[in-house]
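J.: Handing you this structure, nothing more for now.
The values are calculated or read from the model by the stated rules, or taken from the named source; none is laboratory data. None of these values were measured; they are calculated from a predicted model. For neighbour counting, all protein chains shown are included, and Cβ atoms are generated from backbone atoms with ideal geometry for every residue, glycine included. SASA here: full protein model, heavy atoms, side chains in, ligands and nucleic acids out. Shrake-Rupley method; radii C 1.70, N 1.55, O 1.52, S 1.80 Å.
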Amino acid sequence: MTGNLEVVTTRHNAAIDPVLSAWGWEIPVYLFLGGLVAGLLILGALYELLHPDRPRSRALRAMPFAALGLLSLGMLALFLDLAHKLHVYRFYLAFRWTSPMSWGSWILLLVYPVGFLHGLGSLDPAQRETLLARRALAPFLRPLLRWADGARRAVLKASVVAGVGLGLYTGLLLGTLAARPQWNTAVLGPLFLASGLSTGAAFLLFFRLDEREHGFVVRWDVGAIVLELLLLGAMLLGFAAGDRSAQHALYHLLGGPWTSAFWSLVVFAGLLVPLAMELLGRRRRLPLAALAPALILAGGFALRWILLAAGQASSFREFP
Amino acid sequence: MTVDTRLCVACKACVLACKAENAVPDGFCRDWLVEETRGEFPDLHAQNRSERCNHCSEPPCVDACPTGASHVAGGGAVLVTHDKCTGCKACIAACPYDARYVHPQGWVDKCTFCLHRARRGEKPACVSVCPTFCLEFGDLADPDSDVSRRLRERRYKVLHPETGCGPNVYFLE
Ligand code: SF4
Ligand code: SF4
């Protein structure tokens, strides 16, 4: 049937109608922090795995603990989002392999011990002395330290694996929800992982790294940004080649309500500008060295914010 | 379940019956009316549909649930165990029909096909109250049931078959 279409519904459920808004600010905050933590763990562990003989700065040594702190903030946001907070323990009474949310809750539980051992083994002798000087801590820490040192490479590899799992899952969480055409793309997992790597690298650049660490982090950051741009391109092409619901997802970002935010905040200010700054900055130190990482962090957050909002607004109800 | 869109007059008795039967909180509903008009005057085509959870055969809401609160009960109805629900809303995001909502008490709520009534041998509240008898409920696996018979005799559609969820509410046209 051609012509007009008029639909009237009596359903006005809060947070469902007229546009789904079940997930609020907590979820993008969590997805952003989860990705960033994944990036921190992966980069910290890779640096040591690839260059075991190089000295490491205090900042890099302390980073796994900072990562766990940030992850806890993210989990707090996730907890705040639960409508039935008293039942939070229910996540850990089940493992449902079809549910990325279930995978995620178990991955989070894995990241803590791995990140903690990663951090313990990273401490320099002076930091260890300070810790072991505390009577209450020493009996627990001494065997843990011995263990973390003895299995150092295994711990670092586990940290990479846990980081990749965490970064991928933050994307898959949305990417498996086929009910929202905007999220119905296999690209989201790798995209959020790449974005996690670049935000993790950007976060590291705020701290005092030594010359070689700095070079390593910038190289990885550039690589992650390029990968992210390619994946964003693949996502848009995938939408363009898809059915009408995918076309609508494309429209959201090309002409529709999220177009200007997506292209200006994510692609231009969050990826292209900092990429150019980092490439130029290699040759001569640019002023405003903190600007590029700040832009990357803001862009990474904007990416999740926009995709979450656009995803909730994309629905089969648009095609009655 | 079948909904005869030719008989439905959009009186919303099914909506009110469900609210009363299931103590659905103010401002929410488990079933609702959609009035759809297509075409160009004077060639118009109107359809009234009493809609609810489709109790899908491949329910993505159940797949998305991390705790097992959302589950497929015996007979194929998709239910939520309140005690297990964390209110994480993964199922809400996963449902292409937006058939769920967060109950003010924190768990996620939706149509249950009035299984508590079915156990007593009664039809769902919406079905039993409908003055035009346009709603029918029964076992699709049983070829002699009223729903199977209606599906044999009439043209029908399901909503958004492209989702691949296998919805089980059929709209007779
Ligand atoms: S209609 Fe939605 S809530 Fe009902 S079974 Fe299907 S996916 Fe689940
Ligand atoms: S809100 Fe409840 S029923 Fe829905 S996915 Fe989360 S735990 Fe499962």
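J.: What percentage of the solvent-accessible surface of chain B, computed with a 1.4 Å probe over protein heavy atoms, is contributed by carbon and sulfur atoms? It would help to have the intermediate numbers written out before the result.
T.: Working: 3810 of 7310 Å².
Carbon and sulfur: 52 percent of the exposed surface of chain B.
J.: Please identify every one of the chymotrypsin sites (Phe, Trp or Tyr not before Pro) in the stretch A:1-31 that sits in a loop by DSSP and has no more than 15 other beta carbons within 10 Å of its own beta carbon.
T.: Details: sites: A:Trp23, A:Trp25, A:Tyr30; in loops: A:Trp23, A:Trp25.
The qualifying sites are A:Trp25.
J.: What's the local net charge at A:Gly163, with K and R +1, D and E -1, over the other residues with C-beta under 14 Å away? Don't skip to the end; give the middle numbers.
T.: On the way: positive: A:Lys157; negative: A:Glu48.
Every neighbour counted, the sum reads 0.
J.: Right, another one. Under a 5 Å amide H to amide H cut-off, with H placed in plane at 1.01 Å, what residues pair with B:Asn54 once short-range neighbours are removed?
T.: none
J.: Out of B:Arg120, B:Arg149, B:Arg30, any idea which swings most in a Gaussian network model of chain B, alpha carbons joined below 10 Å?
T.: Of B:Arg120, B:Arg149, B:Arg30, the most mobile in the Gaussian network model is B:Arg120.
J.: Taking a quarter of the surface of the convex hull around the Cα atoms of the stretch B:1-74, what do you get in nm²? Can you show the working numbers first?
T.: Details: hull surface 30.2 nm².
Average projection, Cα convex hull of the stretch B:1-74: 7.6 nm².
J.: Whole number please: convex hull volume per residue, Cα atoms of chain A, in Å³. Intermediate results must be reported in sequence, preceding the final value.
T.: Details: hull volume 50.1 nm³, N = 320.
Residue-normalised Cα hull volume stands at 156 Å³.
J.: If one computes the Cα centroid of the stretch B:111-173 and of the stretch A:137-158, what distance in Å separates the two points?
T.: Using only Cα atoms, the two centres lie 61 Å from each other.
J.: Compute the FRET efficiency between B:Asp26 and A:Ala94 as 1/(1 + (r/R0)^6), taking r as their Cβ-Cβ distance and R0 = 30 Å, and round to the nearest 0.05. Kindly include the intermediate steps, with their values, before the conclusion.
T.: Details: r = 32 Å, r/R0 = 1.08.
Working from the Cβ atoms, E equals 0.40.
J.: Let me know the mean shielding of B:60-71 by other chains, meaning the per-residue number of their Cβ atoms within 10 Å of its Cβ.
T.: Values: counts 5, 1, 3, 8, 10, 6, 15, 14, 7, 5, 2, 0.
Taking all residues of B:60-71 together, the mean is 6.
J.: Just to be sure I understand: of the beta bridges DSSP finds with both ends in the stretch B:2-172, what percent are antiparallel, rounded to 5?
T.: 85
J.: Please get the size of the charge dipole for the protein assembly as shown, origin at its Cα centre, with Cβ charges of +1 on Lys and Arg and -1 on Asp and Glu, quoted in debye to the nearest 20. Walk me through the numbers on the way to the answer.
T.: On the way: 48 positive and 40 negative charges, 362 e Å.
Magnitude of the dipole: close to 1740 debye.
J.: How large is the accessible surface per residue of the protein assembly as shown, computed with a 1.4 Å probe and reported in Å² as a whole number? Let's see the in-between values first.
T.: Details: 21670 Å² over 493 residues.
Spelled out: the 1.4 Å probe surface of the protein assembly as shown, per residue, equals 44 Å².
J.: Then there's this: Show the residues, 5+ positions off or on another chain, whose built amide H is closer than 5 Å to the amide H of B:Tyr101.
T.: B:Asp109
J.: On a 0 to 90 degree scale, rounded to 10, what angle separates helix A:26-50 from the longest Cα axis of chain A?
T.: With both axes taken from Cα atoms, the answer is about 40 degrees.
J.: Let me ask something additional. A:Pro181: net charge of surrounding residues, Cβ under 15 Å, Lys/Arg +1, Asp/Glu -1, itself excluded? Intermediate results must be reported in sequence, preceding the final value.
T.: Numbers: positive: A:Arg180, A:Arg244, A:Arg317; negative: A:Asp243, A:Glu318, B:Asp98, B:Glu162.
Neighbour charge sum, excluding A:Pro181 itself: -1.
J.: Right, something else. Give the interface area between chains B and A as buried accessible surface, both sides summed, probe 1.4 Å, in Å² to the nearest 100. Please report the intermediate quantities before stating the final value.
T.: Details: alone 9140 and 16250 Å², together 21670 Å².
Protein heavy atoms only, the B-A interface buries about 3700 Å².
J.: Taking the Cβ of A:Val7 as the centre, find all other residues whose Cβ is under 15 Å away and add up their charges (Lys, Arg: +1; Asp, Glu: -1).
T.: Values: positive: A:Arg11, A:Arg317, B:Arg38, B:Arg49; negative: A:Glu6, A:Asp17, A:Glu318, B:Glu35, B:Glu36, B:Glu51, B:Asp98.
Around A:Val7, the charge tally is -3.
J.: By the gyration tensor of its Cα atoms, with a ≥ b ≥ c the square roots of the eigenvalues, what is the shape of the stretch B:85-157: rounded for a/c under 1.5, prolate for a/b over b/c, or oblate? Before the final figure, lay out the partial values.
T.: Numbers: a/c = 2.44, a/b = 1.82, b/c = 1.34.
Prolate.
J.: Springs between alpha-carbon atoms under 10 Å, Gaussian network over chain B: tell me which of B:Arg154, B:Arg38, B:Arg52 tops the mean-square fluctuations.
T.: In this elastic network of chain B, the residue with the biggest mean-square fluctuation among B:Arg154, B:Arg38, B:Arg52 is B:Arg38.
J.: If contacts are Cα pairs under 8 angstrom and at least 6 residues apart, what is the relative contact order of chain B in percent? It would help to have the intermediate numbers written out before the result.
T.: Working: 309 pairs, mean separation 50.1, N = 173.
For chain B, the relative contact order is 29 percent.
J.: While we're on this one: Taking all protein chains in place and a 1.4 Å probe, what share, in percent, of the accessible surface of chain A do carbon and sulfur account for?
T.: Details: 9950 of 14370 Å².
The computed percentage sits at 69.
J.: With springs only between Cα atoms under 10 Å, which of B:Ala141, B:Ala93, B:Ala17 fluctuates most in a Gaussian network model of chain B?
T.: B:Ala141
J.: Still on this structure, please answer the following. If a paramagnetic tag sat 7 Å from the Cα of B:His71 along the Cα-Cβ line, which residues of the stretch B:100-124 would have the backbone N under 18 Å from that point?
T.: Correct set: B:107-116, B:119.
J.: Structure shown: which of B:Lys12/B:Lys110; B:Lys84/B:Lys110; B:Lys123/B:Lys157 lie over 20 Å apart, alpha-carbon to alpha-carbon?
T.: Long pairs (Cα-Cα over 20 Å): B:Lys123/B:Lys157.
J.: Related question: Which aspartates and glutamates, on any chain, are close to B:Lys19 with Cα under 16 Å apart, when same-chain ones fewer than 8 places away are left out?
T.: Straight-line reach from B:Lys19, under 16 Å: B:Asp31, B:Glu51, B:Asp109.
J.: Once you treat every alpha carbon in the stretch B:2-172 as an equal point and sum by Debye, what is log10 I(q)/I(0) at q = 0.12, 0.13 Å⁻¹?
T.: Once normalised to I(0) and log-transformed, intensities are -0.55, -0.65.
J.: Find, among the trypsin sites (Lys or Arg not before Pro) in the stretch A:172-276, those assigned to loop by DSSP (not H, G, I, E, B) with at most 12 other beta-carbon atoms within 10 angstrom.
T.: Values: sites: A:Arg208, A:Arg212, A:Arg219, A:Arg244; in loops: A:Arg208.
The qualifying sites are A:Arg208.
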